[in-house]
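Okay, so here's the structure we're looking at.
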Amino acid sequence: MSSFSTLVGIGVAFGAAAFTLIVLLRFLRGSRRRERPVHLAAAGAASPVPPSWEEKRRHPRVAVSWEAEIEEAGVSRAARLRDISLGGAFVVVSAPPAAGRELRLTVFPPHAAPLALNAAVAWSNAAVPEERVVHRGMGVTFRANSAEDLRRLHEVILGLLSRQEEAP
């Protein structure tokens, strides 16, 4: 049993290294194409411009359009994912729960089996006026998931990135 655990650990570590390399290469290739914003602090201004959301993210997000389902307090409802990363996702849903709420998010990637993850609502645009919202929904962070669930999430994202690399 110990050798099996060791093999699983090595497999997860190898997968994580491969995923990190792909994400890093995509980031480096993308950063050469776009101009970096100049912050006022660098120009000597008194109040710096806060960094953008993208600069605050720990994990790069990948744009998707996947069916999903959220379960909160035993009630399930249909939803849709707009983007996903190892750390979280943006979920389109008509009446998003309040920030801090715990839920179960099941995603249905087109090229993989459904994946159920524990998540917490990081923010919601429920209070934003309709005319200012592109997609009503919430940002979630993945929390307290098993190593197997995280491995599967990693594989799904890695598969998505490799299919994007192969596309013309």
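Some notes on this structure:
- Positions within segment 81-116 being among the hydroxyl-bearing types (Ser, Thr, Tyr) and under 13 Å from the mean Cα position of the chain (by Cα), in sequence order: Ser85
- When the criteria are applied in full, Ala112 fails the requirement of being under 28 Å from Ser162 (Cβ atoms), in contact (Cβ under 8 Å) with a residue 12 or more places away in the chain and buried (at least 20 other Cβ atoms within 10 Å of the Cβ).
- Hey, Val92 within 22 Å of Leu160 (Cα to Cα), touching a residue at least 60 places away in the same chain (Cβ under 8 Å) and not charged (D, E, K, R) or not: no
- Taking strands (runs of 3 or more DSSP E) as the structural unit, those lying wholly within segment 99-144 and holding at least 1 residues that are of a type in the set (Gly, Ala, Ser), farther than 16 Å from Arg82 by Cα and in contact with a Lys or Arg (Cβ under 6 Å, 6 or more places away or on another chain) correspond to 115-124.
- Selected residue (criterion: modelled with the lowest pLDDT) from residues of segment 1-19 that are among the small types (Gly, Ala, Ser) and more than 30 Å from Val62 (Cα to Cα): Ser2
- Arg34 meets each of the listed conditions (1) under 21 Å from Leu117 (Cβ atoms); (2) at pLDDT below 70 apart from (1).
The values are calculated or read from the model by the stated rules, or taken from the named source; none is laboratory data. Please read all numbers here as calculations on a predicted model, not as lab measurements. A quick note on method: Cβ atoms are made from the backbone with ideal geometry, for glycine too, and the neighbour counts reach across all protein chains shown.
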